[in-house]
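Structure first, commentary second.
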Amino acid sequence: MSIGSVETPRDKFLRLCPGGFSDPLYLRYERDYKWAAHEAWHELLNEPEFDRLLTEEKYGEVCRRAVRIEGKTRFMLTRYEKAALHDGVKEAKPAKLFANGLYDLVYGEDDFETRFQEFAKDLEHLPERQTSPVKWTVLTMFPFLAHPTEHIFLKPQVTKSAAKRRHFWLNYRPELNWTTYSCLLRFAEVLRKEVADLEPRDMIDIQSYIWVTEFWKKTP
């Protein structure tokens, strides 16, 4: 970055995390806990285990494990966000709906667009208590943790800010919709090219890059 020039997101990332995606501070505050949640997913809700739980109609157990995995992250920063998921799957009927829908979302055989739209509809049928479970965080968190090479987590405000900074049209709407998510996947590829020389491993690094460059004001 030359004297008098505006600091780019990439410049900021390297200023805060000089070691890039292998920087100890980056690993400690961003990647490691997300990777731990990914590993927890594959321990607790890998496809054979998830299938077994559904076959035995242990829908509540699926939900308890999903909530446990969410608890390993810092994706939902307020108790109201957490309540959207936790309260929405407490009762038997919603738990069954959520468990079956989540399996199809992550492991289903239809194209991902169809599975995405179906799970969005499932969330609309969960009970709303403190706040609605129909949230981008709830919809995108589990595919991201299950398949971080393919899917990305959407935290709306920071992601919109990152897209605006690059003049990328995210087509963001608060209502859950495929157009916004498909644009997000394209935006992730823009970011991957932006930091290609830093060798991001997966969407965990790409999503973390958004968070560091938009949210961190200084090193933690």
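Could you tell me whether Thr131 is of a type in the set (Ser, Thr, Tyr) and surrounded by 18 or more Cβ atoms within 10 Å (Cβ to Cβ)? So Thr131 fails the test.
Scan the range 33-51 for residues that are acidic (Asp, Glu) and under 21 Å from Lys217 (Cβ atoms) and report the count.
Total satisfying the criteria: 0.
Looking only at the range 12-62, residues that are assigned to a loop (DSSP other than H, G, I, E, B), in contact (Cβ under 8 Å) with a residue 12 or more places away in the chain and within 19 Å of Thr149 (Cβ to Cβ) come to 1 in all. Do we have any residue at all in the range 139-156 that's surrounded by fewer than 18 Cβ atoms within 10 Å (Cβ to Cβ) and in contact with a Phe, Trp or Tyr (Cβ under 6 Å, 6 or more places away or on another chain)? Within the range 139-156, one or more residues are surrounded by fewer than 18 Cβ atoms within 10 Å (Cβ to Cβ) and in contact with a Phe, Trp or Tyr (Cβ under 6 Å, 6 or more places away or on another chain).
Out of Pro94, Pro18, Pro48, Pro24, report the one residue that is more than 21 Å from the chain's Cα centre (by Cα), of a type outside the set (Ser, Thr, Tyr) and at pLDDT below 95. After ruling out the rest, the residue left standing is Pro94.
List the number of the failed condition for Ser132; all other conditions in (1) under 25 Å from Leu184 (Cα atoms); (2) of a type in the set (Gly, Ala, Ser); (3) assigned to a helix (DSSP H, G or I) hold. The failed condition is (3). Once the range 1-14 is narrowed to residues that are exposed (fewer than 13 other Cβ atoms within 10 Å of the Cβ) and not hydrophobic (A, V, I, L, M, F, W, C), the residue that is modelled with the highest pLDDT is Glu7. When every residue of the range 79-97 is checked against the conditions, at least one turns out to be free of Cβ contacts under 8 Å to residues at least 60 places away in the same chain, surrounded by fewer than 17 Cβ atoms within 10 Å (Cβ to Cβ) and among the acidic types (Asp, Glu).
The values are calculated or read from the model by the stated rules, or taken from the named source; none is laboratory data. The structure presented is a predicted model; accordingly, all values stated were derived computationally and were not measured. Methodologically, a virtual Cβ is constructed for each residue, glycine included, from the backbone with ideal geometry; neighbour enumeration extends over all protein chains shown.
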